[in-house]
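Reviewing the structure listed below.
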Amino acid sequence: MKNNRKFFQNVIVIGLVSWLLLFAFLPNLMIIITSFLTRDDANLVDMVFTLDNYTRLFDPLYVEVMFHSLNMAIIATLCCLLIGYPFAFLLTRLPPKLQPLMLFLLIVPFWTNSLIRIYGLKIFLSTRGYLNDFLLWIGLIDKPIRIMYTQEAVIMGLVYILLPFMVMPLYSSIEKLDKSCLEAARDLGANKFQTFLRIIVPLTMPGIIAGCLLVLLPAMGLFYVADLMGGAKNLLIGNVIKSQFLNLRDWPFGAATSIVLTIAMGLLLYVYYRAANLLNKKVDLV
């Protein structure tokens, strides 16, 4: 019996390692190697080592795109946090029987392809869409307003797609909040604002950081949101990578851009790891 169990465990481990090697390690290794090669019009890449693909990233054009992408991702993250925190907090205050239903309704949109949902949002926000029709009907505006193909439309699309990624870690963090700390704050004379600022926010900071990372990192790469909602003037880093691979067929530069984005994501995850450790140490000291 023990031998069969050990054999089964070995098979699972070998399967997982093989999967990671074939579909995670090797593709990323190929991207890293390609980023140091030279573009070739006939064969896509030429086996000539170069660092030009990385130095091109310091071109003012690409630097501007990166900062513009980061700016929109940060704004979308802050919007998700401002919307998601109260929603997650109210969700934890619902009766236990209703909470699973609300979480289910939060996850249901993931059953539909995000591209289809963006098309639906595009129709809703268009000049002749339902939003303008409603605003005209109630008399709030006298002519349709233009929302599509602006930076605000891209941010709306990012928030629409990524909001659940903010709510879930916040809900998990708020649900585990020690209620005795809140009672102690009230006994010591703290009002609701002081309790929220000095007790709730510090104790839920791991969830805030996790939610911000889960929104910020994908927001910089959702190229189809920028394509459909923002037009050519509101590009994300993902748009640059997509155009290099599919349109310009400059695979080495596209690979270098994706590697830089991956390194940035890794650094942000390391910051989250360090911040979570520091917060845990502070909680243990308290």
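The table for this structure:
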{"item": "Mean separation of Cα contacts under 8 Å (6+ apart) over length of the chain, as relative contact order %", "result": "27"}
{"item": "Percent RCO, i.e. relative contact order, over segment 153-240, from Cα pairs under 8 Å lying at least 6 residues apart", "result": "40"}
{"item": "Accessible area in square angstrom per residue, the chain, 1.4 angstrom probe", "result": "64"}
{"item": "Gaussian network model of the chain, springs between alpha carbon atoms under 10 Å - residue of Ile138, Ile123, Ile200 with greatest fluctuation", "result": "Ile138"}
{"item": "Matching label, mean projected area of the Cα convex hull in nm² computed from the structure shown, candidates (i) 14.9; (ii) 16.6; (iii) 23.9", "result": "(iii)"}
{"item": "Nonlocal amide H pairs with Thr38, under 5 Å, H built at 1.01 Å", "result": "Asp46, Val48"}
{"item": "GNM result for the chain, Cα springs below 10 Å: residue of Ile155, Ile208, Ile12 fluctuating most strongly", "result": "Ile12"}
{"item": "Accessible surface of Met156 - all protein chains present, 1.4 Å probe, nearest 10 Å²", "result": "80"}
{"item": "Cβ-based charge dipole, the chain, positive-most Cα from Asn71, Gln151, Leu115", "result": "Leu115"}
{"item": "Dipole in debye (nearest 20) - the chain, about Cα centre, beta carbon charges: Lys, Arg +1; Asp, Glu -1", "result": "1000"}
{"item": "The chain - percent of accessible surface contributed by carbon and sulfur, probe 1.4 Å", "result": "71"}
{"item": "Most to least accessible of Thr55, Thr195 (protein chains only, probe 1.4 Å)", "result": "Thr55, Thr195"}
{"item": "Listed residues Asn53, Asn239, Asn28, most fluctuating in the chain (Gaussian network, C-alpha, under 10 Å)", "result": "Asn28"}
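The values are calculated or read from the model by the stated rules, or taken from the named source; none is laboratory data. Everything numeric in this text was worked out from a predicted model, so none of it was measured. Heads up, the Cβs are rebuilt from the backbone with ideal geometry, glycines too, and the neighbour counts pull from every protein chain shown. All accessible areas refer to the heavy atoms of the entire protein, side chains included, with ligands and DNA or RNA removed. Shrake-Rupley method; radii C 1.70, N 1.55, O 1.52, S 1.80 Å.
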